[in-house]
Amino acid sequence: MPSVRNARIQIHDRPTVETPKPDGTDMLFRCTKITATGTADLLSVETATPAGWTFGWMQAEWCETNWAYFRGQHNGDGSVFWQRGRTPARTSRACRDTITAGVPIYNDVTAGQAMNLTSATALPASLTAGHYDKPGESFPLQTTNTLTGKQNFLREAQLEFMFCAILVLLSPSKRVHQLAHFYWNVRWQGTFLPSNFSDLSARWQVTLNGRGQGAAASPVYQGSSDDRRFNHVIVGTPSAPHCNGVAAHAASNPNIRQSRVWDNFDVTR
Amino acid sequence: MKIGVLALALSSAGFALAMGITGASPAKAAAPGSEATLELSVSASRALTVRNVSSAPVRIRSVLQVESVDAGAGTHKRLAVQNLLLRSTCVPKPETILVLAPGASLTALPWTGRHCASQCDESCRAEAEYPAGQYRYVVTGESGREWSSPLFTLLRR
């Protein structure tokens, strides 16, 4: 076991969600960035040298809500429900959130987000790694209801992305030592109405569902998350589902239900 | 393999505008070799323009790549930026292979400096911002031949 002291996480920028807004053919759901810095003092490792050890972040997205309801201008134009948060659209409930698919560390592409130790790393060593994320999503402003042949327009949507960011020390054999962690999330829920059904570039009325929209970051907890809802994508197989890939698949292949009228759909399935 | 043909009528200003076709911009880089085929230029807003300066159609991949460049050290590193394409609009996405007619050009949406939402809004859970510095685009032909753009600067955000 490595000997680590003073593992700390400082959250700098806490995310806030922005009011959804139409842009071109889509309604955009954006948030501001979350940033944090993780630090720790590494005193010793069980290998001969620190070569091959990595200090950085892992992140799991352990739950996602992602659906939209479209309806026509008139009752007889029908309605359409898009579900992206359930199978088969969403291929995995929990996923490992990384920039690069198939790797454990969240960000292995930009400087300062992880430290790759070498045989020249002198111990004890002060380790620092930054964390940054800014998730986003979109829904089309309209879709065709194939039962009625009419355009149905985005009427309501709910999105919830739940994450856990974990400061880790990774051994050369990819064993994960969790040092500290925090949970965070971003959520949107609102209803939408175009002011002109034949010109979707005109103003849209966006009505937020007060408590359905927001963002949060938990306190920082020391040690392992050991959360069975997502532990398997952190310490489990190297081929854990890749969140960007899971999200892109769901966005391109939503589960679609349609009705010939303005229907009520069960959003839980 | 899907192929999109940019059979460009340069005299048609309206069509040219719709396809993001522009005139040449000041900074240019022609491909090395005895015969220049593509001329690449980058605008101040980081928009890449690819112009076919040869007398034959050129088949290029729509996937666009970016390299960070350390001009002082003379080194460069290819980045794994996602969703970066030779496209002038977010939708529809271009075909895998584009055919650029002789004399035609295509201006791509600029790189945002991000990893996932690199040009347009995407379904991103993990996102990264690349640091300020110098970069260049790399256009790849269907056969694998590459053309590098002039350097451009990504400013601190």
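No value in this document is a laboratory result; all are computed from the given coordinates. In this text, all values refer to a predicted model and were calculated from it rather than measured experimentally. All Cβ positions, even for glycine, are placed from backbone atoms using ideal geometry, and neighbour counts span all protein chains on display.
Below is a table of values for the structure above.
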read-out: Within 10 Å of each Cβ in B:126-138, the average number of Cβ atoms from other chains; value: 4
read-out: Fraction of alpha-carbon pairs over 19 Å apart in segment A:67-216 - percent; value: 67 percent
read-out: Unsatisfied cross-links (Cα-Cα over 31 Å) in the set A:33/A:174; A:33/A:150; A:174/B:93; A:21/A:174; value: A:33/A:150; A:174/B:93; A:21/A:174
read-out: Inter-chain Cβ neighbour average for residues A:20-26, partner chain, 10 Å; value: 2
read-out: Taking N as its residue count, the alpha carbon Rg of chain A over 2.2 N^0.38 Å; value: 1.18
read-out: Inter-part distance where segment A:192-269 and segment B:84-110 are each reduced to a Cα centre, Å; value: 30 Å
read-out: Dipole in debye (nearest 20) - the protein assembly as shown, about Cα centre, beta carbon charges: Lys, Arg +1; Asp, Glu -1; value: 360 debye
read-out: Modelled FRET efficiency - R0 35 Å, residue A:8 with residue A:48, Cβ distances, 0.05 increments; value: 0.80
read-out: Euclidean distance between Cα centres, segment A:1-38 to segment A:107-185, Å; value: 9 Å
read-out: Highest to lowest packing among A:60-67, A:207-214, A:163-170, B:130-137, scored as the average C-beta count within 10 Å; value: A:163-170, A:60-67, B:130-137, A:207-214
read-out: Computed [θ] at 222 nm, helices only, for the protein assembly as shown once each DSSP H run of length n ≥ 4 contributes -39500 (n - 2.57); value: -1000 deg cm²/dmol
read-out: Acute angle (nearest 10 degrees) that the helix A:243-252 long axis makes with the longest principal axis of chain A, alpha-carbon atoms; value: 10 degrees
